[in-house]
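What follows is a single structure, written as structure tokens, with notes after it.
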């Protein structure tokens, strides 16, 4: 098999891995960057948290979709600390800061499933930050769209 075909085959296999085989690294750190605590949350651990759902359309999907998973607020408080923001890291090294207001007042969801199915990497999984876009026009603004990070691999909460 030619090298490019092998690489393409391996990449396709990797992109097809279901989220059940994935996890998210969650850290809580001070403003100085010193990690205070951390944990790896598997899909089973995320499923054990209280679940919420959002049915909404998105700029990246056709029609309305049903997103489910724990609220970002449920994850933020796992360490017993009160974070002021979270730095979300994606598989492609995209990073975005989300302020605490978004999980306290805007219903930011840490999606583990779309339409009841675990999200595959090639479908923007294993995890996707979602907002109730159809419920409020403010979520259609560019800065909210930038916060709807998909292929999430890490959450770095900043605490005071």
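The values are calculated or read from the model by the stated rules, or taken from the named source; none is laboratory data. The structure presented is a predicted model; accordingly, all values stated were derived computationally and were not measured. Quick reminder, even Gly has a Cβ in these numbers, built from the backbone with ideal geometry, and neighbours come from all protein chains shown.
Rundown of residues vs (1) at pLDDT 95 or above; (2) within 24 Å of residue 28 (Cβ to Cβ), yes/no style:
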{"site": "118", "(1), (2)": "yes, no"}
{"site": "122", "(1), (2)": "no, no"}
{"site": "129", "(1), (2)": "yes, yes"}
{"site": "134", "(1), (2)": "no, no"}
{"site": "139", "(1), (2)": "no, no"}
{"site": "148", "(1), (2)": "yes, yes"}
{"site": "151", "(1), (2)": "yes, yes"}
{"site": "156", "(1), (2)": "yes, yes"}
{"site": "160", "(1), (2)": "no, yes"}
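Residue 144 meets each of the listed conditions (1) touching a residue at least 60 places away in the same chain (Cβ under 8 Å); (2) part of a helix (DSSP H, G or I); (3) surrounded by fewer than 19 Cβ atoms within 10 Å (Cβ to Cβ) apart from (1). All told, residue 103 meets the bar of being in contact (Cβ under 8 Å) with a residue 12 or more places away in the chain and either touching a helix residue (DSSP H, G or I) at 6+ places or on another chain (Cβ under 6 Å) or within 14 Å of residue 29 (Cβ to Cβ) (or both). Against the criterion of being free of Cβ contacts under 8 Å to residues at least 12 places away in the same chain and either assigned to a strand (DSSP E or B) or closer than 19 Å to residue 117 by Cβ (or both), residue 62 qualifies. The one condition from (1) modelled with pLDDT of 95 or more; (2) assigned to a helix (DSSP H, G or I); (3) surrounded by fewer than 20 Cβ atoms within 10 Å (Cβ to Cβ); (4) touching a strand residue (DSSP E or B) at 6+ places or on another chain (Cβ under 7 Å) that residue 74 does not meet is (4). Just one of (1) out of contact with any helix residue (DSSP H, G or I) (no Cβ under 6 Å at 6 or more places or on another chain); (2) over 19 Å from residue 27 (Cα atoms); (3) surrounded by 15 or more Cβ atoms within 10 Å (Cβ to Cβ) fails for residue 90. It is (2). Just one of the listed residues (102, 62, 32, 82) is out of contact with any strand residue (DSSP E or B) (no Cβ under 7 Å at 6 or more places or on another chain), under 18 Å from residue 157 (Cβ atoms) and surrounded by fewer than 15 Cβ atoms within 10 Å (Cβ to Cβ), and it is 32. Summed over the stretch 38-51, the residues that are surrounded by 16 or more Cβ atoms within 10 Å (Cβ to Cβ) and either over 14 Å from the mean Cα position of the chain (by Cα) or under 12 Å from residue 75 (Cβ atoms) (or both) give a count of 4.
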